[in-house]
1. Of all residues in the stretch 1-29 being of a type in the set (Ser, Thr, Tyr) and at pLDDT below 95, which is nearest to Asn51 (Cα to Cα)?
2. Under 7 Å between Cβ atoms, at least 6 apart or on separate chains: pull out the pairs that start in the stretch 40-54 with a residue that is under 10 Å from Ala22 (Cβ atoms) and end on any residue that is open to solvent by 100 Å² or more (accessible area, probe 1.4 Å).
3. Any chance you could count how many residues in the stretch 30-41 are surrounded by 14 or more Cβ atoms within 10 Å (Cβ to Cβ) and either over 13 Å from the mean Cα position of the chain (by Cα) or at pLDDT below 95 (or both)?
4. Looking only at the stretch 42-56, which residues are open to solvent by less than 80 Å² (accessible area, probe 1.4 Å) and assigned to a loop (DSSP other than H, G, I, E, B)?
5. What are the pairs, 6+ residues apart or on separate chains, where a residue within the stretch 3-30 that is in a helix (DSSP H, G or I) has its Cβ under 9 Å from a residue that is open to solvent by 70 Å² or more (accessible area, probe 1.4 Å)?
Amino acid sequence: MPPVQTFITWSEAMAYVDRAHARHQYDGLLSQLHAGRATATDTRRFFQLGNFLNIT
């Protein structure tokens, strides 16, 4: 049986990091929106991140 490849490419790793960072920002902005402390810029960024993460 051939060995299982456990390595990913640099671009795959960076895409994962980008998505994880975007999700962290999205969750933070969501809590700001729920608390009523979000600015217009926060709201715009929230929707941009949602589009990036394919969250509907």
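The values are calculated or read from the model by the stated rules, or taken from the named source; none is laboratory data. It should be emphasised that the depicted structure is a prediction, and the values quoted were computed from it without experimental measurement. Note that each Cβ is placed from the backbone with ideal geometry, even for glycine, and that neighbours are counted across all protein chains shown. Keep in mind that these areas ignore ligands, DNA and RNA; they rest on the heavy atoms of the full protein, side chains included. Shrake-Rupley method; radii C 1.70, N 1.55, O 1.52, S 1.80 Å.
1. The qualifying residue nearest to Asn51 (Cα to Cα) is Tyr16.
2. Correct list of pairs: Leu53/Arg19; Leu53/Arg23.
3. Going through the stretch 30-41 one residue at a time, the tally reaches 2.
4. Across the stretch 42-56, the qualifying residues are Leu53, Ile55.
5. Listed by first residue and then by second, the contacts come to Tyr16/Ile8; Asp18/Phe52; Arg19/Phe52; Ala22/Phe52; Gln25/Arg45; Tyr26/Arg45; Tyr26/Phe52; Leu29/Arg45.
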